[in-house]
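Below: one structure, written as structure tokens.
Please treat every number below as a calculation from the coordinates, not as lab data. Not measured: the values here are computed from a predicted model. All Cβ positions, glycine included, derive from the backbone under ideal geometry; neighbour counts span all protein chains shown.
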Amino acid sequence: MNLEQLIEPTIPILRSADTVADALRMMSETHYAKLPLVEDGVYLNLLREADLLDIDDEDTTLVDCQIPVFRPSCYIKAHPFDAIKAAIQFNLPVVPLLGDRQEYIGSVSRASLLGFMGENGGLTEPGGIIILEVQPRDYVLSQIAKIAENEEFKILNVRVYHNPQTEMLEVTLKLNKTAVQSLVAALERYEYLIKAVYGDMPAQDYLDDRYRLLINYLNI
């Protein structure tokens, strides 16, 4: 699926001739606190509700408003992950999409992008999750994948987060099975630090895991 397929025609646009009251009403009705201002196919600004509320006269047209220019966007032919990055980076409820000539094509909502992640990242598939803590220099995905393969697991999704407080990588593995105890044991044999496990674990293994996390916390 590409961004063009994710465009939502129901996301409205604002025009220069609209008033502040028009814009605020549209934002209230759609529950989007930011909406694109478009004129003759040109994306002019992403208007924010907070800026509009600072304007005393709600009958003022948008073209006459002194509003800071804020134009986050994403190229229509980019991967949806780029739109997700923009949504997170700028805290956008909608991401405007632009064509080859920088013309406005449409917008995609943050909710639709979240749905894309779930459907295309294996997140909606049944299966357990293991979170590892790894030194950046020790992170080798092929080695982790090989361990999983040897235990007859498939990794459906991988997310890597650099924790600035610990300087460690937190590697989240979404797996194709919910009973993950054999893979946890295998990873520990290779001296991987297991930060958390979400899946079917035997009662004693679960207690051991909670105990290990507690000890790690006390040793910080």
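Assorted remarks:
- The residues of region 8-56 that are surrounded by fewer than 18 Cβ atoms within 10 Å (Cβ to Cβ), touching a residue at least 60 places away in the same chain (Cβ under 8 Å) and part of a strand (DSSP E or B) amount to a single one, V42.
- The strands (runs of 3 or more DSSP E) found wholly in region 128-178 and carrying at least 1 residues that are among the basic types (K, R) occupy 155-163, 168-175.
- Considering only residues in region 105-127 that are surrounded by 14 or more Cβ atoms within 10 Å (Cβ to Cβ), of a type in the set (A, V, I, L, M, F, W, C) and outside any loop (DSSP other than H, G, I, E, B), the one that is farthest from the chain's Cα centre (by Cα) turns out to be I105.
- Check on H31, over 20 Å from D100 (Cβ atoms) and either out of contact with any helix residue (DSSP H, G or I) (no Cβ under 8 Å at 6 or more places or on another chain) or not hydrophobic (A, V, I, L, M, F, W, C) (or both): yes
- Filter pass, D59 being free of Cβ contacts under 8 Å to residues at least 12 places away in the same chain, more than 28 Å from Q5 (Cβ to Cβ), surrounded by fewer than 16 Cβ atoms within 10 Å (Cβ to Cβ) and not aliphatic (A, V, I, L, M): no
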